[in-house]
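**Q** What follows is a single structure, and I will ask about it in a moment.
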Amino acid sequence: MTDTDILVIRKMLGILNGIGPAGLEEQDLKEQAEIAAGAPLTTAEQDLAVKLLRDRRWIASYRQPVTERVRWYITEHGKIAYAGL
């Protein structure tokens, strides 16, 4: 992972950790990570970070019953990874 990848992943995990089980929609997570990073992020950087988080099972999703939208939240493995980054 590059330094930018680590920064983006840490920001995303931190955001989801702070929000709790309600989670965020993917696009909102990407936007919040960019704001938290304090620098513009490419779409590829954002997409790659979310893919890595999903693949490593640091985040998981559920379908919100009222809106039917997919929301992402941090898993226990993600909390451990967040503490280690």
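**Q** I'm told Ile19 meets every condition in (1) open to solvent by less than 70 Å² (accessible area, probe 1.4 Å); (2) among the aliphatic types (A, V, I, L, M); (3) out of contact with any Gly (no Cβ under 8 Å at 6 or more places or on another chain) except one. Can you identify the failing condition by its number?
**A** (1)
**Q** For a quick check of your reading of the model, give me the residue pairs whose first member lies in the range 42-58 and is on the phi > 0 side of the Ramachandran plot, whose second is open to solvent by 70 Å² or more (accessible area, probe 1.4 Å), with beta-carbon atoms closer than 6 Å and at least 6 apart or on different chains.
**A** Final answer for the pair search is Arg57/His77.
**Q** Check Thr42 against each of (1) within 15 Å of Asp5 (Cα to Cα); (2) polar (S, T, N, Q); (3) open to solvent by less than 70 Å² (accessible area, probe 1.4 Å) and name the one condition it does not meet.
**A** (3)
**Q** So Gly14 passes all but one of these: (1) in contact with an Asp or Glu (Cβ under 9 Å, 6 or more places away or on another chain); (2) farther than 20 Å from Arg69 by Cβ; (3) open to solvent by less than 70 Å² (accessible area, probe 1.4 Å); (4) not aromatic (Phe, Trp, Tyr). Which condition number does it fail?
**A** (1)
**Q** Here's another thing I want to ask about it. Right, Val8: under 10 Å from the mean Cα position of the chain (by Cα), surrounded by 15 or more Cβ atoms within 10 Å (Cβ to Cβ), at pLDDT below 95 and aliphatic (A, V, I, L, M) or not?
**A** yes
**Q** Let me ask another. Out of everything in the range 24-39 that is open to solvent by less than 50 Å² (accessible area, probe 1.4 Å) and among the aliphatic types (A, V, I, L, M), what residue ends up being farthest from Asp5 (Cα to Cα)?
**A** Taking the candidates together, the pick is Leu24.
**Q** Take the range 45-70 and flag every residue that is more than 15 Å from Thr4 (Cα to Cα) and of a type in the set (Val, Ile, Thr).
**A** Across the range 45-70, the qualifying residues are Ile59, Val66, Thr67, Val70.
The values are calculated or read from the model by the stated rules, or taken from the named source; none is laboratory data. These figures come from a predicted structure and were not determined experimentally. Backbone-built Cβ (ideal geometry, glycine too); neighbour counts: all protein chains shown. Areas reflect the complete protein model, heavy atoms only, side chains present, ligands, DNA and RNA absent. Shrake-Rupley method; radii C 1.70, N 1.55, O 1.52, S 1.80 Å.
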